[in-house]
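For reference, the structure discussed in these notes is given below.
The values are calculated or read from the model by the stated rules, or taken from the named source; none is laboratory data. This one's a predicted model, so the numbers in the text were calculated from it and none came from an experiment. With ideal geometry, Cβ positions are generated from the backbone for all residues, glycine too; neighbour counts draw on all protein chains shown.
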Amino acid sequence: MVTNKDIDREFEAGWYSLYDSLIVELDDLPCEIKIKQAKEKFALLRVYYTIDDKYKDYRDKVDAIIDKYVQLSERTCIDCGSQEAVKKQYIHGYLVTICDDCYSKHKDS
């Protein structure tokens, strides 16, 4: 069970479905996980959590699930969620994972 899953998402809407899918997978585990923070950092999804010591045997499983979604974020546009023509680009001094279409929209704004 995941608690605190409705925290502020510190990333754009393109990754919302990734985060939602991550929470669904974590919710299936028979342990209590508390999400501390979910954000974009260095163009990747980052999710920080705590887990009670009585569930310590599940830490590797939790980390593996989170790592799967971190890897997916590397191939998913943070703006629109597309997985076509996605790469890391700098926009206004920030490195983001973004598709070519969204990059074109943002680079001139």
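Just wondering, is there one or more residues in region 64-86 that are of a type in the set (D, E) and farther than 19 Å from L18 by Cβ?
No: zero hits.
Filter region 20-30 for residues that are out of contact with any helix residue (DSSP H, G or I) (no Cβ under 7 Å at 6 or more places or on another chain) and either assigned to a loop (DSSP other than H, G, I, E, B) or among the acidic types (D, E) (or both) and give the result.
D20, D27, D28, P30
Please find, among V70, V62, the residue that is more than 16 Å from C99 (Cα to Cα), within 9 Å of the chain's Cα centre (by Cα) and not basic (K, R).
Testing whether each residue is more than 16 Å from C99 (Cα to Cα), within 9 Å of the chain's Cα centre (by Cα) and not basic (K, R) leaves just V70.
Tell me which residues, restricted to region 1-57, are acidic (D, E), closer than 22 Å to K87 by Cβ and crowded, with 16+ Cβ neighbours inside 10 Å.
E12, E40 - these are the residues of region 1-57 that are acidic (D, E), closer than 22 Å to K87 by Cβ and crowded, with 16+ Cβ neighbours inside 10 Å.
Listed residues S21, S17, S73; which is among the small types (G, A, S) and under 21 Å from Y94 (Cα atoms)?
S73
Output the residues belonging to region 31-68 that are touching a helix residue (DSSP H, G or I) at 6+ places or on another chain (Cβ under 8 Å), of a type outside the set (A, V, I, L, M) and more than 30 Å from Y90 (Cα to Cα).
Selection gives C31, E32.
Taking A43 as the residue in question, decide whether it is at positive phi and modelled with pLDDT of 95 or more. Steps first, please.
On the way: at positive phi: yes; modelled with pLDDT of 95 or more: yes.
Yes.
If I ask for residues that are over 14 Å from the mean Cα position of the chain (by Cα), more than 16 Å from D28 (Cα to Cα) and not in a helix (DSSP H, G or I), which ones from region 46-59 would you list?
Answer for region 46-59, where residues must be over 14 Å from the mean Cα position of the chain (by Cα), more than 16 Å from D28 (Cα to Cα) and not in a helix (DSSP H, G or I): T50, D52.
For V70, are the conditions met, namely being in contact (Cβ under 8 Å) with a residue 12 or more places away in the chain, over 13 Å from G14 (Cβ atoms) and surrounded by 14 or more Cβ atoms within 10 Å (Cβ to Cβ)?
Criteria met by V70.
State the number of residues belonging to region 75-109 that are part of a loop (DSSP other than H, G, I, E, B) and at pLDDT 95 or above.
11
Which residues, counting only those in region 84-94, are within 16 Å of the chain's Cα centre (by Cα) and either within 29 Å of K34 (Cα to Cα) or in contact (Cβ under 8 Å) with a residue 40 or more places away in the chain (or both)?
Listed by number, the list holds a single entry, K88.
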